[in-house]
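Structure record follows, encoded as structure tokens.
The values are calculated or read from the model by the stated rules, or taken from the named source; none is laboratory data. In this text the structure is predicted, and so the values were computed from the model without any measurement. Because the Cβ atoms are built from the backbone with ideal geometry, glycine has one as well, and the counts that use them run over all protein chains shown.
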Amino acid sequence: NAGVTQTPKFRVLKTGQSMTLLCAQDMNHEYMYWYRQDPGMGLRLIHYSVGEGTTAKGEVPDGYNVSRLKKQNFLLGLESAAPSQTSVYFCASSVAIAGANEQYFGPGTRLTVT
Amino acid sequence: EDQVTQSPEALRLQEGESSSLNCSYTVSGLRGLFWYRQDPGKGPEFLFTLYSAGEEKEKERLKATLTKKESFLHITAPKPEDSATYLCAVPKTGANNLFFGTGTRLTVIP
């Protein structure tokens, strides 16, 4: 039981390049989330999904897109990376909505945009 | 406006020196308060959920308590392995996500 896994662990992009971050969970959770963590800012929600085929915007969605084609996977895409997107990205999942149940986090992806 | 404030930002303790971390919050209709531990280079690890004032939960050397305005994470006789950043979070009012504080970075010195 691996829990929540993320790939890649590290990535360096040049401004304007694109990439996709992959999150996978094996806990059969309905809800999945993408956060970014920046120094002094705390974790901020980018997008989330309440089930296969559904996605919704969080607090800081601009510049990102997501897809949830399979229940166990949640993809985060950057179409045209900007230096402001340099951050650590965390995926999380939960049985039900965040207010009712705890979220379980992956190990993170450290992204640097130069 | 929803607000979660954690204090202190950083705390250094000698091994065995007990202390408390604070998380004060402002949300409409609390639907739970969550504590997480985060080690450097890793994702947050769930510790506790508290739902109502007066509730307490314990895990090894950690005890979390909740009042109507704040939560405390009490650390009794800490060990160096308790060194980490401790985060608290509450569900945002009318939203489906957690609102995180910026954390308290705890260092326990042998």
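Could you list, in sequence order, all residues of the range A:47-63 that are of a type outside the set (Gly, Ala, Ser) and over 17 Å from B:ASN96 (Cβ atoms)? The one that is of a type outside the set (Gly, Ala, Ser) and over 17 Å from B:ASN96 (Cβ atoms): A:ASP62.
Checking B:ALA77 against (1) at pLDDT 95 or above; (2) more than 9 Å from every other protein chain (Cβ to nearest Cβ); (3) surrounded by fewer than 17 Cβ atoms within 10 Å (Cβ to Cβ); (4) touching a strand residue (DSSP E or B) at 6+ places or on another chain (Cβ under 9 Å), which test does it fail? Among (1) at pLDDT 95 or above; (2) more than 9 Å from every other protein chain (Cβ to nearest Cβ); (3) surrounded by fewer than 17 Cβ atoms within 10 Å (Cβ to Cβ); (4) touching a strand residue (DSSP E or B) at 6+ places or on another chain (Cβ under 9 Å), the lone unmet condition for B:ALA77 is (4).
Scanning the range B:86-96 for residues that are over 9 Å from the mean Cα position of the chain (by Cα) and surrounded by 15 or more Cβ atoms within 10 Å (Cβ to Cβ), we see that the one that is nearest to A:TYR33 (Cα to Cα) is B:ASN96.
Could you please find all residues in the range B:5-21 being surrounded by fewer than 12 Cβ atoms within 10 Å (Cβ to Cβ) and hydrophobic (A, V, I, L, M, F, W, C)? Selection gives B:ALA10 alone. When restricted to residues that are within 14 Å of another protein chain (Cβ to nearest Cβ), of a type in the set (Ser, Thr, Tyr) and surrounded by 15 or more Cβ atoms within 10 Å (Cβ to Cβ), the range A:45-72 contains 3.
In the range A:89-114, the residue that is nearest to the other protein chains (Cβ to nearest Cβ) out of those that are surrounded by fewer than 19 Cβ atoms within 10 Å (Cβ to Cβ) and of a type in the set (A, V, I, L, M) is A:ILE97.
Which one is nearest to the chain's Cα centre (by Cα) among residues in the range B:1-34 that are modelled with pLDDT of 95 or more and of a type in the set (D, E, K, R)? Out of the qualifying residues, it is B:GLU9. Each residue in the range A:44-98 was checked for being assigned to a strand (DSSP E or B) and not β-branched (Val, Ile, Thr), and 24 pass. Taking A:GLU30, is it at the interface with chain B (Cβ under 9 Å from one of its Cβ atoms), surrounded by fewer than 21 Cβ atoms within 10 Å (Cβ to Cβ) and out of contact with any Pro (no Cβ under 6 Å at 6 or more places or on another chain)? It is false that A:GLU30 is at the interface with chain B (Cβ under 9 Å from one of its Cβ atoms), surrounded by fewer than 21 Cβ atoms within 10 Å (Cβ to Cβ) and out of contact with any Pro (no Cβ under 6 Å at 6 or more places or on another chain).
Looking only at the range B:99-110, filter to residues that are part of a strand (DSSP E or B) and away from chain A (no Cβ under 13 Å); which one of those is nearest to B:GLY32 (Cα to Cα)? Once the filter is applied, the top-ranked residue is B:LEU106.
Yes/no matrix, rows are residues, columns are (1) within 10 Å of chain A (Cβ to nearest Cβ); (2) exposed (fewer than 15 other Cβ atoms within 10 Å of the Cβ); (3) within 17 Å of B:LEU106 (Cβ to Cβ):
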| residue | (1), (2), (3) |
| --- | --- |
| B:ASP2 | no, yes, no |
| B:LEU33 | no, no, no |
| B:ARG37 | no, no, yes |
| B:GLY43 | yes, no, no |
